[in-house]
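A short write-up of the structure that comes next.
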Amino acid sequence: MKTDILNEKYRLGLGGVAIGTAFEDISDEESQTILQAAWDLGIRYFDTSPWYGLTKSERRFGDFLKDKERDDFLFSTKVGRLFHEVPESEVPPTMWKKPLNYDFKHDYTADAIKKSIEDSLQRTGLNHIDIVYIHDLSEDQVGDRYPYFLEQARKGAFKVLSELRDQGIIKAWGMGVNKIEPILDCIDSADPDICLSATQYSILEHEDAVDRLLPAVKKAGVKLVSGAGYNSGYIAGRERYNYKDVIPKGMAEKRARIAEIAGKYNTDIVHAALHFVLASDEFASIIPGASRPKQVQDNVNALNADIPADFWNELKSGGLIYEKAQVPNG
């Protein structure tokens with residue numbers, strides 16, 4: 001019993017990495033201002049994870065959303081780690097600037113998935129979760145234990161999430177990962193609905209996804225949501241790429257060239273990046289994060305921007321976009 005819930009209304013969502021203090025120590029008040037801006041601008045798809053800020057982002061989303069009419073928005077969060085409170089001195093080192101006092105362990109068993117969902121409902125104050133993503137079940141996160149955790153998920157997470165969906169407790173589930181292989185492995189042995197594809201498909205880097213990921217999800221009837229569609233801010237001018245400080249060779253020149261061509265057509269690279277992702281038939285939604293309200297406004301402006309077909313033609317003819325990649329206007 002698959003479901004296709006990410007319709008046109010949810011093409012642009014808000015991701016919760018920045019609100020979890022990934023890049024700077026955003027206060028509770030600032031996070032609520034960002035969420036309010038998103039709501040006022042019509043955004044109705046909100047995605048977070050207990051991993052972001054070691055449960056901080058999830059709590060912040062819940063504080064904002066719990067008083068909203070539940071049928072007015074879609075909410076997704078993630079499973080795969082269980083969290084327990086620890087003294088401040090025992091908080092593990094992570095990417096978060098100011099996480100809460102929690103430690104965690106990876107666990108993809110059925111019991112752990114159920115416990116994770118219960119914990120998320122308790123933290124957010126919501127009465128149900130629409131989409132559940134299996135988070136970071138990939139080699140970049142669990143290393144050489146990937147085969148072990150994949151087998152654990154095949155027996156546990158994959159089965160229990162399909163059961164919860166079929167019972168109507170959740171509406172959809174899938175992988176939420178930074179690599180292609182875990183999505184292919186999941187499709188091979190389960191029936192996910194929607195996968196959160198982070199860092200795999202952007203205007204700067206998409207060839208591998210075009211060749212391997214998109215045909216597989218299309219055949220399986222699985223939709224994709226784009227996380228880090230701006231390469232975690234690199235496209236917007238930040239000097240980080242896919243959450244890391246190392247910039248791939250040649251990427252600065254590519255970014256500069258696309259930005260230059262965008263200027264020629266009275267648009268900009270951020271607007272182009274959003275339209276590029278959503279031009280793919282397989283992507284139902286894009287969920288950029290925001291560290292301030294203006295970034296949410298910029299994303300809405302990007303969604304509504306009109307980009308000339310000649311811009312895309314020039315990028316393709318110049319080899320800046322893979323010849324097999326879909327672009328807007330054809």
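For segment 216-244, enumerate the residues that are in contact with a strand residue (DSSP E or B) (Cβ under 6 Å, 6 or more places away or on another chain), open to solvent by 10 Å² or more (accessible area, probe 1.4 Å) and either of a type in the set (A, V, I, L, M, F, W, C) or assigned to a helix (DSSP H, G or I) (or both). Scanning segment 216-244 gives a single hit, Ala228.
Taking segment 184-204 as the range and being assigned to a loop (DSSP other than H, G, I, E, B) and either open to solvent by less than 20 Å² (accessible area, probe 1.4 Å) or touching a helix residue (DSSP H, G or I) at 6+ places or on another chain (Cβ under 8 Å) (or both) as the test, the residues that pass are Ala190, Asp191, Pro192, Asp193, Gln200, Tyr201, Ser202, Ile203, Leu204.
For residues in segment 164-183 being farther than 25 Å from Gly229 by Cβ and of a type in the set (A, V, I, L, M, F, W, C), which is surrounded by the most Cβ atoms within 10 Å (Cβ to Cβ)? It would help to see each step written out before you state the result.
Narrowing segment 164-183 to residues farther than 25 Å from Gly229 by Cβ: 164-169.
Okay, now just the ones that are also of a type in the set (A, V, I, L, M, F, W, C), so 164, 169.
Values: Leu164: 18, Ile169: 14.
This residue is Leu164.
Hey, can you tell me all the residues within segment 267-283 that are open to solvent by 10 Å² or more (accessible area, probe 1.4 Å) and touching a residue at least 12 places away in the same chain (Cβ under 8 Å)? Matches in segment 267-283: Thr267, Ile269, Val270, His271, His275, Leu278, Ala279, Asp281, Glu282. Asn299 passes every criterion in (1) open to solvent by 40 Å² or more (accessible area, probe 1.4 Å); (2) assigned to a helix (DSSP H, G or I); (3) in contact (Cβ under 8 Å) with a residue 60 or more places away in the chain; (4) under 24 Å from Tyr10 (Cα atoms) apart from (1).
Taken together, the criteria exclude Leu65 from residues that are in contact with a Ser or Thr (Cβ under 6 Å, 6 or more places away or on another chain), aliphatic (A, V, I, L, M) and either over 30 Å from Arg154 (Cα atoms) or at pLDDT 95 or above (or both).
Specify the residue that is surrounded by the most Cβ atoms within 10 Å (Cβ to Cβ); the eligible residues are those in segment 99-141 that are over 21 Å from the mean Cα position of the chain (by Cα) and in a loop (DSSP other than H, G, I, E, B). Of everything passing the filter in segment 99-141, Leu100 is surrounded by the most Cβ atoms within 10 Å (Cβ to Cβ). Of the set (1) buried (at least 19 other Cβ atoms within 10 Å of the Cβ); (2) of a type outside the set (S, T, N, Q); (3) farther than 22 Å from Phe158 by Cα, all apply to Leu213 but (3). Checked against (1) within 22 Å of the chain's Cα centre (by Cα); (2) under 30 Å from Glu8 (Cβ atoms), Ala153 passes all but condition (2). Within segment 50-98, the residues that satisfy the criterion of being open to solvent by less than 10 Å² (accessible area, probe 1.4 Å), out of contact with any His (no Cβ under 6 Å at 6 or more places or on another chain) and part of a loop (DSSP other than H, G, I, E, B) are Pro50, Gly53, Leu54, Thr55, Phe73. Out of curiosity, is Ala325 in a loop (DSSP other than H, G, I, E, B), of a type in the set (A, V, I, L, M, F, W, C) and over 29 Å from Ser57 (Cα atoms)? Considered against the rule, which asks whether it is in a loop (DSSP other than H, G, I, E, B), of a type in the set (A, V, I, L, M, F, W, C) and over 29 Å from Ser57 (Cα atoms), Ala325 comes out as yes. Considering every residue within segment 174-183, establish whether at least one is out of contact with any His (no Cβ under 8 Å at 6 or more places or on another chain), without any contact (Cβ under 8 Å) to a residue 40 or more places away in the chain, under 23 Å from Asp4 (Cβ atoms) and part of a helix (DSSP H, G or I). Among the residues of segment 174-183, at least one is out of contact with any His (no Cβ under 8 Å at 6 or more places or on another chain), without any contact (Cβ under 8 Å) to a residue 40 or more places away in the chain, under 23 Å from Asp4 (Cβ atoms) and part of a helix (DSSP H, G or I), which makes the answer yes.
Of all residues in segment 142-163, none satisfies being at pLDDT below 95 and surrounded by fewer than 23 Cβ atoms within 10 Å (Cβ to Cβ). If Asn304 passes every condition in (1) in contact with a helix residue (DSSP H, G or I) (Cβ under 8 Å, 6 or more places away or on another chain); (2) surrounded by fewer than 22 Cβ atoms within 10 Å (Cβ to Cβ) but one, which one does it miss? Failing condition for Asn304: (1). Total residues in segment 32-66 satisfying the condition of being without any contact (Cβ under 8 Å) to a residue 60 or more places away in the chain and either touching a Lys or Arg at 6+ places or on another chain (Cβ under 8 Å) or closer than 26 Å to Ile113 by Cα (or both): the figure is 13.
The values are calculated or read from the model by the stated rules, or taken from the named source; none is laboratory data. Note that the structure is a prediction, hence the values are computed from the model and not measured. Positions of Cβ are generated from backbone atoms using ideal geometry, with glycine treated the same way; all protein chains shown enter the neighbour counts. Side chains are part of the model used for accessible areas, which takes the heavy atoms of the whole protein and leaves out ligands, DNA and RNA. Shrake-Rupley method; radii C 1.70, N 1.55, O 1.52, S 1.80 Å.
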